[in-house]
Amino acid sequence: MGADRPMTDWEARVAKAKRDGGWYGPDEEPSPYPPRIKRRRFLVSFALTLVVSVVAHALLHLVTGRTGPTISADVLLDGVFQGLLLAFFVGWGSTRPPRRKPGHRR
């Protein structure tokens, strides 16, 4: 980039993303979210996914007719452990920039 031309919109967005910590790699779109928003998006989507996973696990426990109470510490803890990995990846995915359509060029 020389001094003879102004920065393009893309170069300005990349420079801003690098300053804000939202740049992931040279071939990836910079994240439109600042770190504070990314943290909030991660925590909200992580928590919602974990709650839905625990409720679904308890409902499956009830529907399948397993022995024991449906709402017990053991069943809920089992649902939390089973939903942690899924909740982490859903939370992480919510912080990533939107994907471009295949064949779409800037």
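The values are calculated or read from the model by the stated rules, or taken from the named source; none is laboratory data. Being a predicted model, the structure only gives us computed values, none of them experimental. Every residue, glycine among them, receives a Cβ derived from its backbone with ideal geometry; neighbour counts consider all protein chains shown.
Summary of computed values
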item	result
Residue within segment 3-14 that is at pLDDT below 75, under 20 Å from the mean Cα position of the chain (by Cα) and surrounded by 12 or more Cβ atoms within 10 Å (Cβ to Cβ) present	no
Identity of the residue in segment 63-77, at pLDDT below 85 and not small (Gly, Ala, Ser), that ends up surrounded by the fewest Cβ atoms within 10 Å (Cβ to Cβ)	THR67
Output for segment 20-50, where each listed residue is at pLDDT below 75 and of a type in the set (D, E, K, R)	ASP20, ASP27, GLU28, GLU29
